[in-house]
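**Q** Okay, here's the structure, questions in a sec.
Every read-out reported here was derived from the displayed coordinates using simple, explicitly stated rules and does not represent laboratory data. This one's a predicted model, so the numbers in the text were calculated from it and none came from an experiment. We place every Cβ from the backbone using ideal geometry, glycine too, and count neighbours over all the protein chains shown.
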Amino acid sequence: MNHAMTISPFEPLHNLPFLRLDRGFQPCCAEAGDELYPNGIFEFNITRLLAFIHAHTDCFPTEFVELVDIPGCGGSLDEAAVGAADLSRPIVLAEIAPGRYNLIDGHHRVAKARREKVRRLPAHRVRCPEHVAFLTSTRAYETYVEYWNSKLDDRPSRTRRRRRREQASLNARDSS
């Protein structure tokens, strides 16, 4: 399920970070009872991510997102969980590519809101690289870094030149 919503037009796309691969990356381990969200090989530990968001509420303000801006959630959902979903609890949107967000927590809430014709839901938007620490495998992390940086390279040539200069500067610092 790789549905993404596009960032709102007032968000700046020019200040997005180029990710540098950290060879010491430690995957976010899952403990018994942790909720995980698989998005292809990009599996996130939702339980730990939510704890991080709640510990840093000043960095993750609650905003309201129009339901029409959230792509349909395919797949089957537990009907009892949809019925019990708390629409006052914020959903979580993660920036999976520059300016594009995936719903990674709140599928039951979105389904319930659609059924009840609710127009907006509270949400926390987690930008890159904040969510990277919650990937559950080294392979997913390394692939994500490559994927993210390739999306930055897809931007206009002026931005690509700036990114190459930034990468060259990082590489020069690393080798000294």
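**Q** What order do you get for 109-115, 93-99, 25-31 when each peptide is scored by the mean count of other beta carbon atoms within 10 Å, highest first?
**A** In decreasing order of mean packing, 109-115, 93-99, 25-31 become 93-99, 109-115, 25-31.
**Q** Something else about it: Would you mind checking which residues have amide H under 5 Å from V126's amide H? H placed 1.01 Å from N; only 5 or more apart, or other chain.
**A** For V126, the qualifying residues are L93, A94, E95.
**Q** For the residue pair F64 and E146, what label-to-label distance in nm results when each label sits 7 Å from Cα along the Cα-to-beta-carbon direction?
**A** Spacing of the two 7 Å Cα→Cβ label points: 4.3 nm.
**Q** Per residue of the stretch 25-42, in order, report the coupling 6.51 cos²θ - 1.76 cosθ + 1.60 (Karplus, θ = phi - 60°) as ³J(HN,Hα) in whole Hz, putting x for Gly and Pro.
**A** So the J values, rounded to whole Hz, are 4, 10, x, 7, 5, 9, 9, 3, x, 5, 8, 10, 10, x, 10, x, 7, 8.
**Q** Given a Förster distance of 35 Å, report the FRET efficiency between S76 and A51 from their Cβ-Cβ distance, rounded to the nearest 0.05.
**A** 0.80
**Q** Could you please report the charge total around N102, scoring K, R as +1 and D, E as -1 over all other residues with beta-carbon less than 13 angstrom from its beta-carbon?
**A** For residues surrounding N102, the net value is -1.
**Q** What are the residues whose amide H is under 5 Å from the amide H of R120, where those residues sit 5 or more places off or on another chain and H is modelled from the backbone?
**A** Close amide H contacts, sequence-distant or interchain: L67.
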